[in-house]
Amino acid sequence: MDVDIWAWVGGTQRELHEAGNTGLAMALGDVPAQALEGRFAQLDVVAPAIAQHAETLEKPWLEFFARYWHLLGRVGDRAMGALALDDAASLLEFAQRDDVRECPGAPGAVEVLAIAQANTDGPGYAEARLAALGAALDGVGPDSLAFSGLATQYVAALIDAGKAAEGVAYAEAAVERLRGAGREASWELGAASARALLAAGRPDDALAAVDASAEFKPDDPVAKGRREALLRSQVLATLGRMQEAVDALPDLDVVGDHAREWVEWAHTVRMLSSGGSISNTWQLGRILRQWMSYFESVGGHRARFELALTAGHLAVARQGLWQARLLADYAEAAIATLRDTGGLAERVAELRAAADAAKELPPPGPRDELVAYFDAADGRTADPERWVGWLWPLSGTDLEATRRHTTTLGFLGYAPVGADVYWKTIVEDGDPAATGDEDIAYLTGLLIEAGQDERVETLAARLPETGSHLALARLHRARERWEQTAAEAEQAVAHGGGLEARRLWSGAVQQLGDNAKAAEILKPLVESGEGEEEDVWRIIVLSTAVEDWATVRAAGTKLGMPIEPGEGPIEEEWHLVRVILPAPDGTQREVLAVRTGPATARLAIPQPRGMEYNAGDVVVIDPRPLEPIPEDEQERESFVIPFAGVTMLRPGGYTSWFFDGAAPSEDEWAEFNEVLAERGWPMWVYSDESYRVTHPATGEQLPGVFGWIAIPPTVRPAELDAVLDDVTEQWSHPLAWLDLAREVGIEAERHERISKEYGL
């Protein structure tokens, strides 16, 4: 995007502020950071909301800005492919409209479409990418910030087209053009040059290019560190400098959340493991299988093919030959999703040949004793990958072996394979109606995990009524079809389905919004003693939500909780807690609160305007701590337990008012806090030590403070205004509460002047 776009963003934010769209203005400035910092849950909520609002306001540049950054967050770090292609093509079409074409960021639409195509099938879309990127580059010069990003993608497309030497030449020319325009290349362009050199068989030059670009300014500063380290590791491994490559390689916990790096990381690990420089374990195989599943879900067809081959060769190296053969089948099936298939069948055949040439590991004991050996194995040190291979000859014929074999397959990421074996044993070769509940539960779980919904329905049709309804309830719950879950689970309960059926029924009814009924469904479990502690807690939460305090007290007593006897709401003062609540931008907020009962807490911290909750509100909490309580006694003393908020129970009716200004002296601030505390008006400072304001006379930067004060519904805003006016009257620097002053109509001009003079 051109540098002018940021001046436009600032101007648009001011316009939105002046028009009263403060929330939209604040969100607009944060969207690029959300995309680059990986705050995707927030981005996926905020960016579409801005785009929709921009369409309503008839601001097409604003709509483009939001859609661009949302897409970049999807095709960049998350590496979405076919899943994002239509949206990327739609954005490009939008960018070509007459009222958008002149937007400085419009060329970015070509870039994100090229990235989405590369994620889908780099070689398959190489020529289309080169054509579109070349046309876009013809329309921008090196003085534009769009140039570097477009050039980077052009080099990547040349590499995918098998024209690495041309990629090297193009990258070098692009760097020179930028230098001639008085600008420096981005780190990403430098990295693309290094990759082109590596692909051209010039690893020494590639390492020099990595070194030369180290100081280049990145377009994505958050990712630069790990991406540069990974590229350096790959080049060093290619050069045979294995220990240096290992030292440079980012750890799995560094790259694990960044799909864009997975294929390159796995390829580098394979090179390093071949010489024994890095461990090649079943855990690595399981991770790579999870990554393949991710790319399958987002349409990263080339990535999952490459990962399958890499994982397959790693499996051969550790003698996981059954897995290598399955991965060869998986890679072969993936070829059908690719546009450019040249040489791929031969690479699959090479993997199969390697698996066939390798020697199988001998089992640890006689065939008829393998189940006993499996059960005796140390669960922490046993290798599940090897056990799958050892149990395979027994699986399908010996039921005990089949259970262990198929569930282990599911654990390693091969649920469809395990489901096929179990299905044949239980359904095709056996009688499901005569099969034990445990095996039906195992099979149903594998089928659901494998996405074989039709088979679940077929299985249900061959089971007695209780098992049939239970199997369907499990399926509907997994697919979040709550009405169907409730109906099937209710029927399962009616036919003696027991504990699981009641839990399924209650959970579905709760999802449908009927907490009272959900609690009633669980009560027989508690009364009969059949239920467990988790069922008692669920009854407490559900009954609290509908204010059935008699049931809450009875259930609490059953758990040995010290609840004061009586009737009506439980409103005690227990201890401080942290309540985790949703925020409008898709994130979560942590709010300090006082726990007032088994499943209730009263919020203690004022919240900014626009939140659905505030100080004084009583909320229902899930009593299961979200973090483990520290074992160390000293740590435990200062630990405030976090709980998930469930629903609002009783709003307190408090209203928050914002204050801002230069920080007062310690004595002034102590008096301020004391005055508010005496009145029971919660106050919270949201600024930190880095917040500064400007001295209007000298221009000196002063420590600042801003926050919110909440007043109950019995207090008029004018009362708060008067108290603030009185307590801050003698301060060295005035405090501003502009929104409150406007509300009560008193001295709004003074507060406007303070805000302007101090740069608030």
- Message: How far apart, in nanometres, would the label points at GLU350 and GLU564 be if each is projected 7 angstrom from Cα along the Cα-to-Cβ direction?
- Response: 7.6
- Dimensionless Rg/Rh of region 476-634, both radii on Cα and Rh by Kirkwood, sits at 1.00
- Mind pulling the per residue volume of the convex hull built on the Cα atoms of the chain? Å³ is fine. 215
- Query: If R0 is 30 Å, what FRET efficiency do you get for ALA434 and PHE411 from their C-beta distance, rounded to 0.05?
  - Reply: 0.65
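How do 488-496, 474-482, 343-351 rank on mean C-beta neighbours within 10 Å, highest first? Present the calculation step by step, with values, prior to reporting the outcome.
Values: 488-496: 20.2, 474-482: 18.3, 343-351: 15.2.
The densest-packed peptide leads the list: 488-496, 474-482, 343-351.
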- Message: Tell me the Rg and the Dmax, in Å, that the Cα atoms of region 70-136 produce.
- Response: 11.4, 34
- Backbone HN-Hα couplings from phi across region 202-212 [Karplus 6.51/-1.76/1.60, Hz, Gly and Pro as x]: 10, x, 4, 5, 5, 5, 4, 5, 4, 5, 5
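Quick check on the chain: helices-only [θ] at 222 nm, where DSSP H runs of length 4 and up contribute -39,500 (n - 2.57) each and the sum goes over total residues. Nearest 500, please.
Working: 36 runs with 452 residues, N = 760.
Result for the chain, helices only: -18500 deg cm²/dmol.
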- Of LEU499, TYR422, VAL456, whose Cα points farthest to the positive end of the dipole of the chain (charges on the beta-carbon: +1 Lys, Arg; -1 Asp, Glu; origin at the Cα centre)? TYR422
- Item | Within the accessible area of the chain (1.4 Å probe), percent carbon and sulfur | 49
- Query: Leaving out same-chain residues fewer than 8 places away, which lysines sit with a Cα under 24 Å from that of LYS517?
  - Reply: LYS558
- Item | aspartates and glutamates with Cα under 20 Å of LYS523, excluding same-chain neighbours fewer than 8 positions away | GLU488, GLU490, GLU500, ASP514, GLU532, GLU533, GLU534, ASP535, GLU547, ASP548, GLU567, ASP622
- With θ set to phi - 60° and the Karplus curve 6.51 cos²θ - 1.76 cosθ + 1.60, what are the ³J(HN,Hα) couplings of region 507-520 in order, to the nearest whole Hz, using x for Gly and Pro? x, 5, 5, 4, 4, 7, x, 10, 5, 4, 5, 4, 5, 4
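Fully extended, how many nm does the chain gain between GLU449 and ASP44 (0.36 nm per residue separation, minus their Cα-Cα distance)?
Values: separation 405, 0.36 × 405 = 145.80 nm, distance 2.59 nm.
So the chain would gain 143.2 nm between GLU449 and ASP44.
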- Stretch LEU576-THR341 to full length: gain in nm at 0.36 nm per residue minus the Cα-Cα span? 78.5 nm
- On full extension of the chain, what length is gained from ARG716 through SER293, given 0.36 nm per residue of separation minus the C-alpha to C-alpha distance? 146.5 nm
- Coarse-grained scattering of region 558-608 at q = 0.12, 0.22, 0.25, 0.28 Å⁻¹, given as base-10 log I(q)/I(0) from a Debye sum over alpha-carbon atoms: -0.35, -0.84, -0.96, -1.09
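How large is Rg over Rh for region 172-267, taking Rg from the Cα atoms and Rh as the Kirkwood inverse mean of 1/r across Cα pairs?
0.98
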- Query: For region 307-398, what Kirkwood radius comes out of the mean inverse Cα-Cα distance, in Å?
  - Reply: 14.6
- Compute the distance in nm between two label points, each set 7 Å from the Cα along the Cα-to-Cβ direction, one at ASP253 and one at ASP30. 2.8
- Amide H neighbours of ARG589 under 5 Å, at least 5 residues apart or on other chains, H built in the peptide plane: list them. LEU581, ALA583
- Query: So how far apart, in nm, are the two label points at GLU483 and ARG742 if each is 7 Å from Cα heading toward Cβ?
  - Reply: 4.5
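First obtain the Kirkwood hydrodynamic radius of region 453-533 from its Cα pairs, then insert it into the Stokes-Einstein equation at 20 °C and 1.002 mPa s, and state the resulting D in µm² per second as a whole number. All intermediate terms of the calculation are to be shown ahead of the outcome.
Details: Rh = 12.5 Å.
Here the translational diffusion coefficient equals 171 µm²/s.
Would you work out if region 87-201 is rounded, prolate or oblate? Take a ≥ b ≥ c from the square roots of the eigenvalues of the alpha-carbon gyration tensor; rounded if a/c is under 1.5, else prolate when a/b is larger than b/c, oblate otherwise.
Values: a/c = 2.43, a/b = 1.23, b/c = 1.98.
It comes out oblate by the Cα gyration axes.
How many Å² of accessible area per residue for the chain, probe 1.4 Å?
Numbers: 35080 Å² over 760 residues.
With all protein chains present, the chain gives 46 Å² per residue.
Equivalent ellipsoid semi-axes for region 648-760, as square roots of 5 times the alpha carbon gyration tensor eigenvalues: give them largest first, rounded to whole Å.
Values: eigenvalues 118, 49, 36 Å².
For region 648-760, the ellipsoid semi-axes come out as 24, 16, 13 Å.
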- Item | Environment charge at PRO565 (Cβ cut-off 15 Å; Lys +1, Arg +1, Asp -1, Glu -1) | -2
- Item | Debye log10 I(q)/I(0) at q = 0.14, 0.22 Å⁻¹ for region 367-480, Cα point scatterers | -0.56, -1.16
- Message: For a quick check: with amide H placed at 1.01 Å from N, whose amide H comes under 5 Å from ALA601's, ignoring anything fewer than 5 positions away on the same chain?
- Response: THR596, VAL619, ILE621
- Measuring from a point 7 Å past the Cα of TYR686 along Cα-to-C-beta, which residues in region 613-631 have an amide N at less than 15 Å? 613-615
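For LYS517 and PHE639, what is the calculated FRET efficiency with R₀ set at 60 Å and r taken between the beta-carbons, to the nearest 0.05? Could the numbers behind the result be given before it?
Working: r = 36 Å, r/R0 = 0.61.
According to the calculation, E is roughly 0.95.
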- What FRET efficiency comes out for the pair GLN243/ALA317, r = Cβ-Cβ distance, R0 = 25 Å, nearest 0.05? 0.80
- Query: Which residues does a label at ASP725 reach in region 744-760, if reach means a backbone N under 20 Å from a point 7 Å past the Cα toward the Cβ?
  - Reply: 744-756
- Task: Hand me the trypsin sites (Lys or Arg not before Pro) from region 368-414 located in a DSSP loop with no more than 16 other Cβ atoms within 10 Å, in residue order please.
- Result: ARG380
- For region 412-429, 3J(HN,Hα) per residue [Karplus equation, 6.51 cos²θ - 1.76 cosθ + 1.60, θ = phi - 60°, Hz, x = Gly/Pro]: 7, x, 10, 4, x, 5, x, 4, 4, 5, 5, 4, 4, 5, 8, 9, 6, 9
- For the chain, what's the relative contact order in percent, using C-alpha pairs closer than 8 Å and at least 6 residues apart? 6
- Given 25 °C, 0.890 mPa s and a Kirkwood radius over Cα pairs, the Stokes-Einstein diffusion coefficient of region 408-456 in µm²/s is 232
- Query: Cα centroids of region 42-107 and region 656-697: how far apart, whole angstrom?
  - Reply: 40
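The values are calculated or read from the model by the stated rules, or taken from the named source; none is laboratory data. Note that the structure is a prediction, hence the values are computed from the model and not measured. When we count neighbours, we look across all protein chains shown, and the Cβ atoms used for this are built from the backbone with ideal geometry, even at glycine. Each accessible area value is taken on the protein alone, full model and side chains, heavy atoms only, with ligands, DNA and RNA left out. Shrake-Rupley method; radii C 1.70, N 1.55, O 1.52, S 1.80 Å.
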